[in-house]
Structure formats: C-alpha cells, structure tokens
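What follows is a single structure, and I will ask about it in a moment.
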Amino acid sequence: MTSQPTLQSVPALGTRPASGSNPSRAETREQLSKASYDLLVIGGGILGISTAWHAAQSGLRVALVDAGDFAGATSSASSKLLHGGLRYLQTGAVKLVAENHFERRAVSRQVAPHLANPLTFYLPVYKGGPHGAAKLGAGVFAYSALSAFGDGVGHLLSPAKAAQDVPELRTDNLKAVAVYGDDQMNDARMALMTVRAAVGAGAVVLNHAEVSGLRFTKGRVTGAELRDRLSGDEFGVNARLVLNATGPWVDHLRKMEDPNAAPSIRLSKGAHLVLKRTAPWRAALATPIDKYRITFALPWEDMLLLGTTDEEYEGDPADVSVTEKDTAQILDEAAFSIRDQQLDRDLITYAFAGLRVLPGGPGSTAKAKRETVVTEGRGGMLSVAGGKWTTFRHIGRTVMQKLEALPGHPLGDDFEPISSLPRKLPLPGVANPRAVAHRLLVDNPAPGPRMAADTAKHLATHYGSLAFDIARLANDNPELRERVHPDAPEIWAQVVYARDNEWAETADDVLRRRTTLTIRGLATDDVRAGVQDLLDKK
C-alpha cells in the first residue's frame, strides 16, 4: 500500500485558481468552434506542436488538436536523446550531422537548458566487433569536431577507466572505449513545454479531440469536424489552412482528403525497456550491433533505458506494443556490453514502443533516412511526416517556409516571415536547474520540513523556474507536499499543477507524461485512484 494523503479533505481543490490556469474544455471547444483560424494543426506530437509554436510566433491565428494526449504516442516513446547522429557519419552525411549538432546545442544551451542535460557516451570496442578502435576513435573525433568541440574532444579511453564510470560494463575482450558527448531529455516534458510556448504565443489547443471528418469549401480543405473523446461533444473548426501532422496516422487523414491518396510513408517500430539500476552510472553506452545499428544503455530518470529495435511495422499504429521478441532482442543486444546482473528481467519496470515515420520506399528501415517530408494534397491540406526529435525547431521553421511559399494563401495582416523571428527563443521556465533546485531547498516559507533534495532536483529539471509555482501549491496545502509514492520524487502538487496548467485529463496523462511514475513502475492502483480523485475535482 502506498502512503498518500486523504485528498478529499484538502480545501479548495475542487475549483480552479482565479488566474494562471488553462481554460476549461468547454470554453476551449466554444472558442475553437466560433473563431476562424489561419492554421489548424491536426496532431499534437512534436512536429505539430513545433509548427503551432512557430506559426503563432509568426502572428497567425493557430488551433492545435490531437485525438489523444499531447506527445501521447511516438513523441513520448523516443530514446530521449538530443544528438547529432553518430551513425550518419557511416554514410557520409557530414552536413546532416553538423546541422543536427547545431540544433542540439541550441536546445540544450539556449532554448531549454532546464529540460536537457549533457551525457557522456562510451562506445565499447570488442575483439571481433563490427568496427576497429582506430576507426571509431577517428569517428568520435570527427563527430566532436562537427560540434565545434563543444562537448570536448572525442577520444579513446582505457577499459579500466570506463569500468569505473560504468560498473556494469562487460570487460571481457574489451579492447578500447571511444568517448563522445551528446544530450538527453524527458521527451514528454519537452513537448509539453513547447505546447505552453505555443499557447503563450496565442495558439488555442485541445487534446483528446479526434477528427471525424474534414470541412471543404469549393474542393479545398477549410477545417475539420471534431469529437471530444471525453465528453462526446461534437464541434468544428474553420481554418484557411489545415496541417496534417498526425505522425503514423498521416495517411489515414490524407485519405479523408482524397480517398484515392496513395500511401506516402512506412513505419518502423522502436521498442525500449526501463530497468532499475544496480549501480550508479556516470556515462551511457552506445554499443555497435552491426555495421549500421547501435544499441543504447542510458542512465535516465534514475533508471536505465535500453533500446532500441528497428523493424518494419504494418499494423494499426494504435496497437503498437512491446512483444516478448522485442524484450528478448533488447536484453540479448544489451548483453554484448552489460553484465548479466543488470539485465535481470525482475529489474524491468516499464516497456514502451513507438513508431518512426519514414518516407515510403524499399530497403531496410535501419538504413532509411530520418528526413522530414512535406506534401500538399488535392484539397490543399499540407501533410508533414518524419524527422528527428533533435531537429524539432528546424522542422517547425521548415513547415512555415512551405506555408509562406504557397500561392494564393494569404496568411493574415499580422504575419511575420519565419526568417525575421528570433532563432533561439527559449521555452517557458528557462533557468539554470541547479540554481532553481537550490532555491527550492532553501526557500521554505511554510512551516514543516524542507523540500527533499531529490524532489527539488526533479522539479528543477522538469519545470525549470515554473517549479516555484508547484512549490507555492505545496506551501499553501501541506498535504500536497507529500510524495505521490514513497519511492519517487514527485509530490501531489504536481498532479494539481498538471490538471490546472498542463491539460492533463486522464490518470495516464499524469502518470505517464506529466510525471515519471509509470516508467518507474510505481503507478499502483492506490496511486492511480489518488490521481483520478484529484482530476475529478477539476
């Protein structure tokens, strides 16, 4: 049984604060149905979110809807990396790696330093492996050079030194270790902060609202019919332009526009496992499996993230899941470089799978380019698919450039070309997370114990300066200072904050994407009931 407060007794939780919170779903539906928008973005993954953010910055009237939660599918099922793409050097894509590094550094240093953190990677070279030490040493040096050596100089390290930082590293037949730097993040939190940025720039957003049909005017797509999946209410949105950013469902929406539309994409499934760590890790492992594939072992959220797989997927995107075959493959590949005790199945707390959206065509999905494709349908609807998390800002700008270039599509009197806008506009909450954590620890106006160090760090690295809003909730209601689960850093104030400020509507919205409780294996029945009780007080 978990230790949780009797939240029914907490005062004033049944009503929203007078200011600072999001409008109700009913208010948002009314706003969407009565206004006319310059751009309707269908799909609340990171591609749609980023485009909505950039479009709103450009002065467009923007609406964004998603059939599920924001970042509820592929965008919260990534490897959690902001990276240049070391493997792309294998194919000579030097320019692509340099561009990826530019975006990675911009996000981790200017745009969202509170949500990204640097991570050292060790690339072990085993006897009989697919690559030699000299080749990998030269590769990581070139990789760091393309990042202007902003993460140090790629080099080779002795196995003994590497084993000090990664105690579970398998050292049998280990010849050398190549070292390079990249960044990691919590993808769901990064997406939510980008939604907040879009709303801050004027966008109107609604999750759990699915498209039941498109609206047409003289053969052109001019909006969509929607159904609120929580209330059942039906409504519509009018827009000059509609962007289909539905990820794995992009062809489904294209067929609503044109029943004869040919398939434009193919899907690749990537599965991951989350495990409890048996020892602290001070670096990540990137282990070559063959000439083209690498398997990752990443210290993430105090856990260990293993993956990923890469195989063609032809089923319903809504049914993607981790199979026993996926689990066995991930553990078997991890065993190339990780000791058996860290790979015990009893350590697995969570497994998840996402779908990469790749351009249609033949060949192995592992070798396919992660490029973004923007197309225009016969009804004028734009569809965007593919791309990498690392370049989410670049994708938003690219789509805006496509909109600007469309003939006969006036974008409004207040429109500003994307080229005239700041290139590195920060996301909400931008701050030094160490400074935020320190303030949370020393500022404690309410009576009672100070905030725990792990909670302060967690809030600082998931909310930045917005963590002070959560601290105020906790100070106003002492029961909200308590942990949601004794083995996790999250406190009940985060649930209230997610409900009132982050569009959390279901228990899974809170447990899987607003917090880390599900991935830690701590979303127990008691925890879920407590979260649902708070959501019901909305």
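Run the accessible area of the chain with a 1.4 Å probe and give the carbon-and-sulfur part as a rounded percent. Mind dumping the intermediate values first?
Details: 11210 of 21600 Å².
In the chain, the share of accessible area belonging to carbon and sulfur is 52 percent.
Over the chain, what is the relative contact order in whole percent, taking alpha-carbon pairs under 8 Å and six or more residues apart?
21 percent
Calculated FRET efficiency, K34 and R434, Cβ-Cβ r, R0 41 Å, to nearest 0.05? Kindly include the intermediate steps, with their values, before the conclusion.
Numbers: r = 45 Å, r/R0 = 1.11.
For R0 = 41 Å, the calculated efficiency reads 0.35.
Here's a follow-up. To the nearest 20 debye, what charge dipole does region 206-337 have about its Cα centre, counting +1 at the Cβ of each Lys and Arg and -1 at the Cβ of each Asp and Glu? All intermediate terms of the calculation are to be shown ahead of the outcome.
Working: 16 positive and 21 negative charges, 108 e Å.
With Lys and Arg at +1 and Asp and Glu at -1, about 520 debye.
Continuing with this model, one more query. For the chain, what class follows from the C-alpha gyration tensor (a ≥ b ≥ c being the square roots of its eigenvalues): rounded when a/c is under 1.5, otherwise prolate if a/b is larger than b/c, else oblate? Could you put the intermediate results ahead of the total?
Numbers: a/c = 1.68, a/b = 1.14, b/c = 1.47.
Here the chain falls in the oblate category.
About its Cα centre, how strong a charge dipole does the chain have in debye, to the nearest 20, once Lys and Arg get +1 and Asp and Glu get -1 at the Cβ? Let's see the in-between values first.
Numbers: 62 positive and 61 negative charges, 316 e Å.
Charge dipole, the chain, about its Cα centre: 1520 debye, nearest 20.
With every protein chain kept in place and ligands, DNA and RNA left out, what is the accessible area per residue of the chain? Probe 1.4 Å, answer in Å².
Values: 21600 Å² over 538 residues.
Roughly 40 Å² per residue, with all protein chains present.
Region 448-522 to region 147-208: how many Å between their Cα centroids?
Taking the Cα centre of each part, region 448-522 and region 147-208 sit 23 Å apart.
Extending each Cα 7 Å along its Cβ direction at K255 and L421, get the distance between those two points in nm, one decimal.
Computed distance between label sites K255 and L421 equals 3.3 nm.
Then there is this: Which whole-Hz ³J(HN,Hα) couplings does region 106-118 yield from phi under the Karplus relation 6.51 cos²θ - 1.76 cosθ + 1.60, θ = phi - 60°, glycine and proline marked x?
4, 5, 7, 10, 10, 7, 8, x, 7, 10, 10, 9, x
For a protection proxy built on the mean count of beta-carbon atoms within 10 angstrom, sort 24-35, 171-182, 527-538 highest first, please. Walk me through the numbers before you get to the answer.
Working: 24-35: 15.2, 171-182: 19.9, 527-538: 17.8.
Per-residue Cβ counts within 10 Å, averaged per peptide and sorted highest first, yield 171-182, 527-538, 24-35.
I would also like to ask the following. Counting other Cβ atoms within 10 Å, keep those with at most 14, restrict to DSSP loop, and tell me which trypsin sites (Lys or Arg not before Pro) in region 291-353 are left. Before the final figure, lay out the partial values.
Values: sites: K291, R293, K325, R339, R345; in loops: K291, R293, R339.
Here the sparse-neighbourhood loop sites are K291.
Here is a further query. Given only helices, namely DSSP H runs of n ≥ 4 each adding -39500 (n - 2.57), what is the per-residue ellipticity at 222 nm of the chain, to the nearest 500 deg cm²/dmol? Working shown, then result.
Details: 14 runs with 156 residues, N = 538.
Mean residue ellipticity at 222 nm (helix-derived): -9000 deg cm²/dmol.
The values are calculated or read from the model by the stated rules, or taken from the named source; none is laboratory data. Just so we're clear, the structure is a prediction, and the values are computed from it rather than from any experiment. For neighbour counting, all protein chains shown are included, and Cβ atoms are generated from backbone atoms with ideal geometry for every residue, glycine included. SASA here: full protein model, heavy atoms, side chains in, ligands and nucleic acids out. Shrake-Rupley method; radii C 1.70, N 1.55, O 1.52, S 1.80 Å.
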